[in-house]
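Below is one structure, written out as structure tokens; comments come after it.
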Amino acid sequence: MLIKRLARTAALLGCLLVIGSSVPAGAAGGAITAGQIDGSGNYAFGQGYDPSTGIDFSVQIQTGLNTFRLHRPEQPLFTISANVLSANFDGPFPNLGFGCWLVPSSDFVVAPDLGARLTFDSSNPGVTECPGDPVGTPQTGAPTTVGPSGALQGITGPVQLNMTWVTSGPVITTRSTTKEACPPFTSIGTGTQQNANSTPSGSASAAFDGSGPFTAQFSGGYGSVTVFSGRTTINGPSTGRCGNFGS
């Protein structure tokens with residue numbers, strides 16, 4: 001089910017928040033190069049339900065470096081710096097639709113207290129479909145080449161989202177150290193992450209295949225907002241390849 005797909009993606013991105021903020025120096029050129037780089041970003045998840053329409057939807061957004069897998073299995077992973085928004089719609093008609101887009105940075109704003117605001121319209125010129133399935137961002141990076149059109153299922157018209165996250169719990173700060181190996185490279189990453197539970201509210205509208213347009217209003221949903229930063233140091237040869245990464 002689409003809702004399960006979004007949940008799996010949310011869990012994966014949540015696990016990769018800190019290590020996903022960095023790729024090795026030189027990875028943007030298509031090869032892995034030993035070195036050090038800093039990175040940062042934001043992540044938010046929100047879920048809402050409108051009892052008047054029976055629509056249940058989930059939204060997640062991550063800013064910073066994101067890795068995608070192209071829809072052609074023979075193609076490699078690749079990483080770009082982008083703001084990635086995913087939305088899943090379910091309700092009276094099961095599996096209404098799923099969408100993934102690259103959005104302008106102005107669409108998503110996070111406040112110092114980890115409250116947040118999302119204003120999204122898929123018909124805006126600055127919005128494009130995701131170039132593949134988001135899979136988080138491994139520390140070893142990947143070429144930064146945008147592939148073909150990405151995930152859009154069951155959605156036949158523009159999608160508009162207007163959401164507000166209000167912080168509903170304490171801001172929790174965690175620090176981590178991660179060591180990885182992808183011969184001939186090894187890496188060590190350190191990161192800081194701040195997270196807070198929140199209550200999202202707002203509205204969502206979209207048109208779906210075979211079920212017509214809907215507009216859902218909701219309040220009192222569940223959500224969370226995270227800000228993260230990290231530093232990764234890659235040790236290894238001056239340049240080379242590791243698994244699906246580099247050239």
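The values are calculated or read from the model by the stated rules, or taken from the named source; none is laboratory data. Just so it is clear, the model here is predicted, and its values are computed rather than measured. When we count neighbours, we look across all protein chains shown, and the Cβ atoms used for this are built from the backbone with ideal geometry, even at glycine. Only protein heavy atoms, including side chains, enter the accessible area calculation; ligands, DNA and RNA are left aside. Shrake-Rupley method; radii C 1.70, N 1.55, O 1.52, S 1.80 Å.
When the range 17-43 is examined, which residues are found to be within 30 Å of Ala206 (Cβ to Cβ) and modelled with pLDDT under 70? Of everything in the range 17-43, those that are within 30 Å of Ala206 (Cβ to Cβ) and modelled with pLDDT under 70 turn out to be Leu17, Gly20.
If the condition is being assigned to a loop (DSSP other than H, G, I, E, B) and under 30 Å from Phe185 (Cα atoms), then the range 204-245 contributes Gly236, Pro237, Ser238, Thr239, Gly243, Asn244.
Conditions tested, residue by residue: (1) modelled with pLDDT under 95; (2) within 20 Å of the chain's Cα centre (by Cα); (3) closer than 27 Å to Leu96 by Cα.
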site: Ala151; (1), (2), (3): yes, yes, yes
site: Val159; (1), (2), (3): yes, yes, yes
site: Thr164; (1), (2), (3): no, yes, yes
site: Gly169; (1), (2), (3): yes, no, no
site: Ile172; (1), (2), (3): no, no, no
site: Thr178; (1), (2), (3): yes, no, no
site: Ala181; (1), (2), (3): yes, no, no
site: Ile188; (1), (2), (3): yes, no, no
site: Gln193; (1), (2), (3): yes, yes, no
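Just to verify a result, which residue in the range 119-143, among those that are of a type in the set (Gly, Ala, Ser) and modelled with pLDDT of 90 or more, is surrounded by the fewest Cβ atoms within 10 Å (Cβ to Cβ)? Ranking the qualifying residues of the range 119-143, first place goes to Ser123. Considering only residues that are over 12 Å from the mean Cα position of the chain (by Cα) and open to solvent by less than 10 Å² (accessible area, probe 1.4 Å), which ones fall in the range 80-95? Correct list: Asn88, Phe89. A search for C-beta distances below 8 Å between a residue of the range 33-44 that is open to solvent by 20 Å² or more (accessible area, probe 1.4 Å) and assigned to a strand (DSSP E or B) and any residue that is modelled with pLDDT of 85 or more and among the small types (Gly, Ala, Ser), counting only pairs 6+ apart in sequence or on different chains, returns Asp38/Ser229; Asp38/Gly230; Ser40/Gly64; Ser40/Ser229; Ser40/Gly230; Asn42/Gly64; Asn42/Ala116. The residue that is nearest to Val84 (Cα to Cα), counting only those in the range 45-61 that are in a strand (DSSP E or B) and open to solvent by 20 Å² or more (accessible area, probe 1.4 Å), is Phe45. Looking across the range 155-192, the residues that are surrounded by fewer than 18 Cβ atoms within 10 Å (Cβ to Cβ) and not in a strand (DSSP E or B) come down to Thr156, Gly157, Pro158, Ser168, Gly169, Pro170, Val171, Pro183, Pro184. With the condition kept exactly as written, say whether any residue in the range 70-79 is among the acidic types (Asp, Glu) and touching a residue at least 60 places away in the same chain (Cβ under 8 Å). No, the range 70-79 contains no residue that is among the acidic types (Asp, Glu) and touching a residue at least 60 places away in the same chain (Cβ under 8 Å). Of all the numbered requirements in (1) modelled with pLDDT of 90 or more; (2) closer than 30 Å to Asp38 by Cβ, Ile234 misses one, and that requirement is (1).
Considering only residues that are under 19 Å from Thr164 (Cβ atoms) and hydroxyl-bearing (Ser, Thr, Tyr), which ones fall in the range 79-110? Selection gives Ser86, Ser105, Ser106. All of Gly99, Gly64, Gly46 fail the test of being in contact with a Leu (Cβ under 7 Å, 6 or more places away or on another chain) and modelled with pLDDT of 85 or more, apart from Gly99.
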